[in-house]
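The values are calculated or read from the model by the stated rules, or taken from the named source; none is laboratory data. Because the structure is a prediction, the values reported are computed rather than measured. As a convention, Cβ positions derive from the backbone with ideal geometry for all residues, glycine included, and neighbour counts pool all protein chains shown.
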Amino acid sequence: MSAKKYKGLEGELYDLFRGGDDFDEIGFYIGMVHEIGGTCLDVGCGTGRVLIPIAHEGLDITGLDSSDFMVDECIKKIKEEDLQVNIIEGDMVDFDLGKKFNSLIVPGGSFQLINDRAKAIDALENFRNHLNKDGLLVMSFFNPFYEISHESLDGVWRLEKDKEINEKGSRALCHTCMDLDRCEQIMKVSHRYELLDDNGVVEKSEIKTSMIRWYGKYEIELLLQKAGFSDVKIYGDFQDLEYEDGNMSMGVTAVVPE
Ligand SMILES: C[S@@+](CC[C@H](N)C(=O)[O-])C[C@H]1O[C@@H](n2cnc3c(N)ncnc32)[C@H](O)[C@@H]1O
């Protein structure tokens, strides 16, 4: 089982807590998809944080996600915004759409949720099989450099997000607790989601744990080459710049050779 299922409070609160663009990813993806043109597949599209702005640009995009909850949310938003986009439920490791695209994007670090090495390679090969010759793969990777060096690795729950959800003063909270396996390059991130009524009493609570694998620059290059890609480029923090020390994220592109 490679797919992490987003549902319950984690799914319901996704847009509130993670629906922004803190890393300036969206413009990076729009630029890349525009440049290559034609059809695009957004793998791990979630609620459409990146997919919907791309669709608003008039680009031909399809979405795929393993969570039925996220798929339904995305379809709901697409209808509300009067867009024509096909969203499919499937696992990035073994989906088979029987067609190829000009670009395939994996925003939001979704690929890092596959923590089995062999399955990660299967997923990259599957991406290549869904791209035309000269097709472009674009992916996001987040580095846990801050987390690795910071005191937050002490098993203590810390308040990460606190948002008001209605005029009466009800709130949604997210506490986070982290652990690290430096050898396996895995971050174990637990989120405790809570809904509080206007008196501050917890009405609903849920703990979800994600295993997030991190990657080094040269490791990504080798994996993509092994999966049959060429021209691997790594952008620091989603800008058209060299990836350098201190960057918290990598925008990665690779091409399917002729
Ligand atoms: C961090 S969210 C990113 C969502 C969206 N791309 C964004 O940037 O907001 C990760 C998404 O990947 C999906 N996902 C996790 N494992 C998956 C898999 N094996 N195959 C397809 N989707 C997966 C989750 O359901 C979730 O919607």
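Yes or no, residue by residue, for (1) more than 21 Å from Lys5 (Cα to Cα); (2) surrounded by fewer than 16 Cβ atoms within 10 Å (Cβ to Cβ); (3) within 13 Å of the ligand (Cβ to nearest atom); (4) basic (Lys, Arg):
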{"position": "Glu25", "(1), (2), (3), (4)": "yes, no, yes, no"}
{"position": "Tyr29", "(1), (2), (3), (4)": "yes, no, yes, no"}
{"position": "Ile36", "(1), (2), (3), (4)": "yes, no, no, no"}
{"position": "Arg49", "(1), (2), (3), (4)": "no, no, yes, yes"}
{"position": "Gly63", "(1), (2), (3), (4)": "no, no, yes, no"}
{"position": "Ser66", "(1), (2), (3), (4)": "no, no, yes, no"}
{"position": "Phe69", "(1), (2), (3), (4)": "no, no, yes, no"}
{"position": "Lys76", "(1), (2), (3), (4)": "no, yes, no, yes"}
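Return the residue satisfying two criteria in turn: it lies in segment 14-23 and is of a type in the set (A, V, I, L, M, F, W, C) and assigned to a helix (DSSP H, G or I), and of such residues it is farthest from the ligand (Cβ to nearest atom). Restricting to residues being of a type in the set (A, V, I, L, M, F, W, C) and assigned to a helix (DSSP H, G or I), the top hit is Leu16.
Condition (residue is closer than 30 Å to Cys183 by Cβ, within 19 Å of the chain's Cα centre (by Cα) and among the basic types (Lys, Arg)) applied to segment 108-120: is it met by at least one residue? Yes, segment 108-120 contains at least one residue that is closer than 30 Å to Cys183 by Cβ, within 19 Å of the chain's Cα centre (by Cα) and among the basic types (Lys, Arg).
Checking each residue in segment 145-161 for being touching a residue at least 40 places away in the same chain (Cβ under 8 Å) and over 18 Å from Thr209 (Cβ atoms) picks out Phe145, Tyr146. Residues that are at positive phi, of a type in the set (Asp, Glu) and at pLDDT below 95: does segment 173-183 have at least one? For segment 173-183, residues at positive phi, of a type in the set (Asp, Glu) and at pLDDT below 95: absent. For segment 1-49, residues that are modelled with pLDDT of 95 or more, among the aliphatic types (A, V, I, L, M) and within 14 Å of the chain's Cα centre (by Cα) total 3. Looking across segment 84-99, just one residue is out of contact with any Asp or Glu (no Cβ under 8 Å at 6 or more places or on another chain), closer than 20 Å to Asn115 by Cα and of a type in the set (D, E, K, R), and that is Asp91.
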